[in-house]
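Following: one structure in structure tokens, then a few remarks.
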Amino acid sequence: MRRRIFAKIFFVLVILIVTLSIAAYFLAKPVLVPIINKELQKVFKESSVSDFRLTKDFIEFYGLEIREYGSYDLKIKKARIYYSLQSILKKKIGKVEALDLNIDFNKNDIKIKANASLQLDIPAKTIDYIKLNVSSLSTSLFQIEGITLNAEQARDAGEFYIKAVNYNKLKIGDIVGKSELEGSVLNINPVLVSFIGGSVKGEFSILLDQDMNYNLRLNSQGLEIKRLVNDMEFNEKFDMTGRLDGEFSLSGNILGIKDIKGYFNTDANGGVLIIKDKTFLENVARQSNQSLDIIVESFKNYNYNNGIIKLGMESGNLTMDMMLDGIAGKRSLTLVLHDFNKEEKP
């Protein structure tokens, strides 16, 4: 009998505590929102939250905005901070989730307009998942249009797509791939691209931190040399026909390219090389102790059967070394695109 009485009393007390807690929560809510905004502004001066909701597993914020005038404006429709009893006792949080994040960033020559949803595992310092749609991303070095990315931790079923990339003078479109998050690294493998008349397959990885260091490796088949020459605006110096197969690697970070390496072979059909740059021909004549007329004639409609082209980077300059072999003999030359890794001045 006593047990039943104590059980009833305990049940009534639990209901009373829950009821009072809910009432206190809603009564205190108008007071807590300004306090939350005040604490938030200690970290981000120009920021605000319009409302919040508290549950046993997470606190959910609505209408969160973090901004810096003239630099960035982040608007988050809904954000969650997950916790547990253990994390509360340790004064640490578990995971943070942002749902419907609108990004408008313009700082240090970097411009981004995008929408995203993501979840961060704070103790592990990793991203659990990311869904990203970038309408535009540009720096002083490159411009990207239409990025779509869906990736999850330790799952290789994500999708990746880029509509167009303009890197300095080089233009690439319709890049597709499979994406996966591995710790703090985003891997896209394979990467598939149709490029200057040929096909390209490779892999890309980027460390998702402040520097965003990346590496790109590609294998190519059937690239049109003439289109490459035109896109790189080498056509003021020379014209060249033929096709290339080979390997290409690129590494860098958000500030620019660190290194470029490429090794290509021409296909069995060969091609034609015409040198237009008089200064280049004069330098070749001087170095070989031959007359300018002989050098001009040797590079006039030179037909080659096979050749090797190497790409490299030295002190911010893109170098292209060509070694060709034809009926008229062998030809070697080096072309340099100066300040390839720097912002072009109007």
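Looking across region 194-225, just one residue is surrounded by 18 or more Cβ atoms within 10 Å (Cβ to Cβ) and more than 22 Å from Val176 (Cα to Cα), and that is Ile225. Evaluating Gly312 against the criteria (1) touching a Leu at 6+ places or on another chain (Cβ under 7 Å); (2) surrounded by 14 or more Cβ atoms within 10 Å (Cβ to Cβ) leaves one unmet condition, (1). Taking every residue in region 91-103 that is at positive phi and in contact (Cβ under 8 Å) with a residue 12 or more places away in the chain and pairing it with any residue that is part of a strand (DSSP E or B) and not aromatic (Phe, Trp, Tyr), at least 6 positions away or on another chain, the pairs with Cβ-Cβ distances below 9 Å are Asp100/Lys75; Asp100/Ile76; Asp100/Lys77; Asp100/Lys78; Asp100/Asn115; Asp100/Ala116; Asp100/Ser117.
Which one of these is outside any strand (DSSP E or B), over 21 Å from Asn187 (Cα atoms) and in contact with a Phe, Trp or Tyr (Cβ under 9 Å, 6 or more places away or on another chain): Ile81, Ile76, Ile103, Ile93?
Ile93
The set of residues in region 166-193 being surrounded by fewer than 18 Cβ atoms within 10 Å (Cβ to Cβ) and either part of a loop (DSSP other than H, G, I, E, B) or touching a residue at least 60 places away in the same chain (Cβ under 8 Å) (or both) consists of Lys169, Leu170, Lys171, Gly183, Ser184. When region 208-245 is limited to residues that are at pLDDT below 90 and among the acidic types (Asp, Glu), the one that is farthest from Lys300 (Cα to Cα) turns out to be Asp209. Is it the case, given these coordinates, that Gly270 is out of contact with any Leu (no Cβ under 8 Å at 6 or more places or on another chain) and closer than 17 Å to Leu311 by Cα? Taking the combined requirement at face value, the residue does not satisfy it. Among the aliphatic types (A, V, I, L, M), farther than 24 Å from Pro123 by Cα and modelled with pLDDT of 80 or more, is that true of Val14? The answer is no for Val14. Residues in region 82-91: is at least one surrounded by fewer than 17 Cβ atoms within 10 Å (Cβ to Cβ) and under 22 Å from Leu181 (Cβ atoms)? Checked against the condition, which is being surrounded by fewer than 17 Cβ atoms within 10 Å (Cβ to Cβ) and under 22 Å from Leu181 (Cβ atoms), region 82-91 yields no hits at all. Screening Asn230, Asn215 for residues that are under 23 Å from Gly316 (Cα atoms) and part of a helix (DSSP H, G or I) leaves exactly one candidate, Asn230.
I'd like to check something: does region 306-327 contain any residue that is of a type in the set (Val, Ile, Thr), at pLDDT below 90 and over 36 Å from the mean Cα position of the chain (by Cα)? Checking region 306-327: at least one residue is of a type in the set (Val, Ile, Thr), at pLDDT below 90 and over 36 Å from the mean Cα position of the chain (by Cα). Residues considered: Ile127, Ile144, Ile122. Of these, the only one that is modelled with pLDDT under 95 and either in contact with a His (Cβ under 7 Å, 6 or more places away or on another chain) or closer than 15 Å to Leu101 by Cβ (or both) is Ile127. On inspection, Asp51 fails the criterion of being in contact with an Asp or Glu (Cβ under 7 Å, 6 or more places away or on another chain), in contact (Cβ under 8 Å) with a residue 12 or more places away in the chain and of a type outside the set (Ser, Thr, Tyr).
Evaluate the following for Phe248: is it assigned to a loop (DSSP other than H, G, I, E, B), under 22 Å from Arg217 (Cβ atoms) and either at pLDDT 90 or above or not polar (S, T, N, Q) (or both)? Answer is no for this residue. Among residues belonging to region 119-165 that are part of a loop (DSSP other than H, G, I, E, B) and over 14 Å from the mean Cα position of the chain (by Cα), point out the one that is nearest to Ile257 (Cα to Cα). The extreme case among them is Ser140.
The values are calculated or read from the model by the stated rules, or taken from the named source; none is laboratory data. Note that this is a predicted model, so its numbers are computed, not measured. Positions of Cβ are generated from backbone atoms using ideal geometry, with glycine treated the same way; all protein chains shown enter the neighbour counts.
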